[in-house]
Amino acid sequence: MRVKTLWVRDEPLQWILAGRKTIEVRVAYPNLTRLNAGDRLLLNGRYRFVIRRIARYRDFEELLAHEDPAAIAPDWTPVQLLEALRALYPPEKEALGVIALEIAPEETYGAAGTSGFLGEAPEGLPGAPDPYGAGASHSHGSHAGPDVAGG
């Protein structure tokens, strides 16, 4: 099981936390192509999610032909979503391919396969208890590029 930190801007993060956004879209950077269903995500170093499904597409148009735009950006029309994606990712990034990550909060994914992640992040991993009790912020992980709604 892999744990990957992703950084998400505030508006789409609020959609995710409210359960309105269930698909996170990224271009196919090499570090993201290694993710699998069942891997865990730590959003903004704090919120624990599990990848339920991964779909790969040639470009944003193919993505929107197969995925529900409301699950990606619930307050936007499909045209607005395509414009936002193209504004975030120039053609050379889109040419890498597109990844749709269907995600769910860790606690709602089910008990199977979740032990060892909830409340038990390894020391030094964002979200892990501070062994010194100082509440210091940990900044490990990587930024995987902008998220679909402006990361």
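Under the condition of being surrounded by fewer than 16 Cβ atoms within 10 Å (Cβ to Cβ), of a type in the set (D, E, K, R) and without any contact (Cβ under 8 Å) to a residue 60 or more places away in the chain, the residues counted in the stretch 10-51 number 3.
Among the residues of the stretch 82-117, those that are at negative phi, in a loop (DSSP other than H, G, I, E, B) and at pLDDT 95 or above comprise Tyr89, Pro90, Ala95, Leu96. The residue that is nearest to Pro90 (Cα to Cα), among those in the stretch 18-36 that are among the aliphatic types (A, V, I, L, M) and under 12 Å from the mean Cα position of the chain (by Cα), is Val27. Note on the stretch 42-81: residues that are farther than 21 Å from Glu94 by Cβ, hydrophobic (A, V, I, L, M, F, W, C) and in a strand (DSSP E or B) amount to 5. On the stretch given as the stretch 7-24, residues that are touching a Phe, Trp or Tyr at 6+ places or on another chain (Cβ under 8 Å) and assigned to a strand (DSSP E or B) total 0.
Of all the residues in the stretch 74-90, those that are more than 23 Å from Leu17 (Cβ to Cβ), of a type in the set (A, V, I, L, M, F, W, C) and crowded, with 16+ Cβ neighbours inside 10 Å number 1.
The values are calculated or read from the model by the stated rules, or taken from the named source; none is laboratory data. Computed from a prediction, not measured in an experiment: that's the story for all the values here. FYI the Cβ positions are ideal-geometry reconstructions off the backbone, even for glycines, and counts take in every protein chain you see.
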